[in-house]
Amino acid sequence: MTQQVKHFIDGEFVTSNSDKLIPVTNPATQEVIAQVPCATAEEMTRAVESAKAAFLTWKEVPVSERARLMMRFAHLLKEHQAEIADIICRELGKTVEDAKGDVWRGIEVVEQAANIPSLMMGETVENVARSIDTYSYIQPLGVCAGITPFNFPAMIPLWMFPMAIACGNTFILKPSEQDPMTVNKIAELFVQAGAPKGVLQVVHGAKEQVDAILHHPDIKAISFVGSVNVGQYIYKTGTDNLKRVQAFAGAKNHMVIMPDANKQQVVNALVGASVGAAGQRCMAISVAVFVGAAAEWIPEVAAAIGKVRPGVYTDPNAAYGPQISPQARARVLSLIEQGKKEGATCVLDGSDCKVEGYPDGNWVGPTVFSNVTTEMEIYKQEIFGPVLTTMQVPTLQDALKVVNDSPYGNGTSIFTASGAAARKYQHEVEVGQVGINIPIPVPLPFFSFTGWKGSFYGDQHAYGKQAVRFYTETKTITARWFDDDIPVSGPNMSINLR
Ligand code: NAD
């Protein structure tokens with residue numbers, strides 16, 4: 001009998017009463033390693049009620065104490081980084097190094113949450129009118145919720161609840177049903193760090209549980225990360241229900257390669273950024289746009305990518321792991337087939353990939369296409385697999401047109417030795433995160449994660465100052481204290497302050 005993943009409700013890890021269970025599988029073997037329950041309506045209600053009750057006391061806890069909780073939490077996450085990474089490896093199949101990176105990029109956000117006192121400072125102006133001062137406070141919203149994808153089971157939950165809770169909110173997290181165990185370990189460490197009962201709840205499930213969050217009147221704000229269709233649905237439904245919503249969605253990220261770039265840096269960057277993590281990254285480079293003579297490097301790029309092999313996490317030579325599920329693998333393979341039918345040149349074909357000893361794993365070998373055009377499905381769809389599509393254009397201006405015509409705007413990068421080309425690209429490109437000779441420009445948490453266009457629905461982004469704005473309200477106070485020296489005047493019949 002495999003273990004059942006527990007919810008974390010009202011300060012306790014509880015076994016669900018649900019009869020709806022989803023198997024969690026090891027993607028390298030198909031072995032069922034756990035069953036994840038879909039929370040019942042009663043469990044969802046209990047989680048929200050507990051979060052509501054906890055909010056009343058948590059919002060009164062001094063901001064410096066809330067910061068100290070985050071310091072202790074960051075410390076514990078560092079101590080247990082390898083243990084959390086091991087869970088990620090088992091349920092998602094990432095390599096050990098990549099899984100550790102997943103945890104580390106989350107820890108960095110927790111460190112930022114420990115800076116919450118300075119991030120929550122309001123503004124003041126003295127004497128806005130005679131003897132009148134105005135000042136503002138930043139106050140928490142109440143119960144907030146997060147819905148997370150499978151591909152970063154540590155980092156993305158850590159983008160959300162530490163900032164929300166540091167701001168004084170309480171939080172309900174619904175992690176991906178495909179790899180739900182990582183978050184439970186993280187919640188356990190949060191309790192160990194001293195998180196009071198009810199401040200964080202973890203409820204497991206799928207669409208039905210997400211819908212319960214979207215329609216619950218007591219949930220004030222929802223943070224979502226996942227695919228574009230679901231992101232649009234969450235944004236529309238959540239805002240229709242008058243909630244504050246930020247929805248980080250799918251992507252198609254381009255790297256523009258100028259002929260003056262350092263060829264070896266380009267090759268190395270493309271290998272890691274295209275097939276690393278089996279292409280299951282929202283910031284993966286899936287389109288390489290070669291400008292002018294740089295196109296001559298495509299065979300060399302394909303040869304370097306061809307040296308990379310997937311494998312199980314216990315194999316130190318594995319460059320990346322399997323796709324998350326047989327369905328995800330089948331989808332990637334069908335897109336590869338479609339690319340061939342549509343007339344792209346498959347210079348490296350990873351469709352028939354085998355890993356010795358693991359015949360049932362969801363393997364896809366590294367794949368590279370050339371002569372890809374913007375009409376092809378392999379260009380239009382987010383493949384989310386280890387597939388690099390390449391294009392050739394005559395000028396930087398043409399490359400900019402390709403990138404700006406894409407409906408997505410999560411990340412992009414340019415490789416060049418020219419400051420002028422880089423400056424033009426960073427200024428004119430309609431993408432929210434730009435790397436210059438950096439393939440995956442995910443900002444550190446003192447900035448925000450600023451995807452644009454179809455990669456993001458909402459106003460305020462994840463982490464950094466924007467997360468504080470997302471999870472708080474501003475209260476502005478205008479005050480006068482009467483002083484006997486100030487002459488008493490008659491009633492003020494105007495809107496002006498005096
Ligand atoms: P997904 O959209 O299938 O699932 C995300 C979450 O939504 C899960 O918790 C899932 O249970 C829930 N969900 C799924 N279908 C739903 C439905 N019909 N109604 C309500 N909720 C539903 O995404 P995924 O496959 O887990 O993750 C991969 C996707 O996430 C990729 O598209 C990737 O680009 C995107 N992603 C984006 C970012 C970003 O910052 N922009 C970061 C990471 C991942």
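The values are calculated or read from the model by the stated rules, or taken from the named source; none is laboratory data. Fair warning: this is a prediction, and the values are worked out from it, not measured in the lab. A quick note on method: Cβ atoms are made from the backbone with ideal geometry, for glycine too, and the neighbour counts reach across all protein chains shown. Only protein heavy atoms, including side chains, enter the accessible area calculation; ligands, DNA and RNA are left aside. Shrake-Rupley method; radii C 1.70, N 1.55, O 1.52, S 1.80 Å.
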Review point. Applying the selection to region 188-214, what residues are of a type outside the set (Lys, Arg) and away from the ligand (no atom under 16 Å from the Cβ)?
Key: Glu188, Leu189, Phe190, Val191, Gln192, Ala193, Gly194, Ala195, Pro196, Gly198, Val199, Leu200
Point to revise | Breaking point among (1) open to solvent by 10 Å² or more (accessible area, probe 1.4 Å); (2) more than 10 Å from the ligand (Cβ to nearest atom), for Val183 | key: (1)
**Study point:** Evaluation of Ala328 against (1) touching a residue at least 60 places away in the same chain (Cβ under 8 Å); (2) within 16 Å of the ligand (Cβ to nearest atom) (one fails), failing number
**Key:** (1)
Point to revise | Subset tally (residues that are of a type in the set (A, V, I, L, M, F, W, C), within 16 Å of the ligand (Cβ to nearest atom) and in contact with an Asp or Glu (Cβ under 7 Å, 6 or more places away or on another chain)) for region 250-290 | key: 2
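One line per residue, one yes/no per condition, for (1) assigned to a helix (DSSP H, G or I); (2) within 15 Å of the ligand (Cβ to nearest atom):
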| position | (1), (2) |
| --- | --- |
| Ala417 | no, no |
| Phe446 | no, no |
| Gln460 | no, yes |
| Gln466 | yes, yes |
| Arg469 | yes, no |
| Lys475 | no, no |
| Thr478 | no, no |
| Asp485 | no, no |
| Ser489 | no, no |
Check your understanding: Going through region 138-167 one residue at a time, which ones are surrounded by 24 or more Cβ atoms within 10 Å (Cβ to Cβ), more than 16 Å from Leu69 (Cβ to Cβ) and more than 13 Å from the ligand (Cβ to nearest atom)?
Key -> Val143, Cys144
Review point. Could we say that Gln381 is under 17 Å from His254 (Cβ atoms) and either basic (Lys, Arg) or open to solvent by 40 Å² or more (accessible area, probe 1.4 Å) (or both) here?
Key: yes
Review point. Applying the selection to region 20-55, what residues are in contact (Cβ under 8 Å) with a residue 40 or more places away in the chain and part of a helix (DSSP H, G or I)?
Key: Ala41, Glu43, Met44, Ala47, Val48, Ser50, Ala51, Lys52, Ala53, Ala54, Phe55
Review point. Does region 197-256 hold any residues that are in a strand (DSSP E or B), farther than 22 Å from Lys52 by Cβ and open to solvent by less than 10 Å² (accessible area, probe 1.4 Å), and which are they?
Key: Ala247, Phe248, Asn253, His254, Met255, Val256
Revision key, fill the gap. Taking region 380-408 and keeping only residues that are outside any strand (DSSP E or B), more than 16 Å from the ligand (Cβ to nearest atom) and touching a residue at least 12 places away in the same chain (Cβ under 8 Å), one is left with Pro394, Thr395, Leu396, Asp398, Ala399, Leu400, Val402, Val403, Asn404, Asp405
Review point. Can you tell me which residues in region 328-369 are assigned to a loop (DSSP other than H, G, I, E, B), small (Gly, Ala, Ser) and under 19 Å from Ala277 (Cα atoms)?
Key: Gly350, Ser351, Gly361, Gly365
